[in-house]
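Enquirer: The following block contains the structure, expressed as C-alpha cells.
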Amino acid sequence: MEFTLQSYDGAIPCEVTVDDENGRYMLRQADTSGKVFNTAAELTQWIKQNWHANQFINPSEFINMVKQLENN
C-alpha cells in the first residue's frame with residue numbers, strides 16, 4: 001500500500017509505504033525527512049502519535065489511511 005497526502009507544511013507531499021511482501025515500512029514527512037520502521041504496526045503507531053488530520057489539506061484522506069493501516 002502506498003499513500004500520498006498533501007500537508008499544509010510543505011510543497012512536497014507526505015508519503016507512506018507499507019510493503020509487506022518486501023518488508024518495507026516507511027514514510028516521508030513534509031520536510032522531506034524520512035523514517036523507516038520494522039513493522040506496519042510500528043509505522044501506524046508512529047503516525048497516530050505524530051500526525052493529525054488537520055495537518056493535511058484533505059483530512060479525510062488521512063483518516064481513511066489510518067483506518068486502512070489499522071486493518072492491514
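No lab work stands behind these numbers, since they all come straight from the coordinates. Note that the coordinates shown come from a computational prediction; the quantities given were computed from them, not determined experimentally. Every residue, glycine among them, receives a Cβ derived from its backbone with ideal geometry; neighbour counts consider all protein chains shown.
Enquirer: With the requirement that a residue be exposed (fewer than 12 other Cβ atoms within 10 Å of the Cβ) and farther than 16 Å from THR4 by Cβ, what does segment 35-60 give you?
Expert: Correct list: VAL36, ASN38, GLN49, ASN50, HIS52, ASN54.
Enquirer: Another one. For a quick check of your reading of the model, give me the residue pairs whose first member lies in segment 11-27 and is touching a residue at least 24 places away in the same chain (Cβ under 8 Å) and under 19 Å from GLU70 (Cβ atoms), whose second is of a type in the set (Phe, Trp, Tyr) and assigned to a loop (DSSP other than H, G, I, E, B), with beta-carbon atoms closer than 8 Å and at least 6 apart or on different chains.
Expert: Qualifying pairs under 8 Å: CYS14/TRP51.
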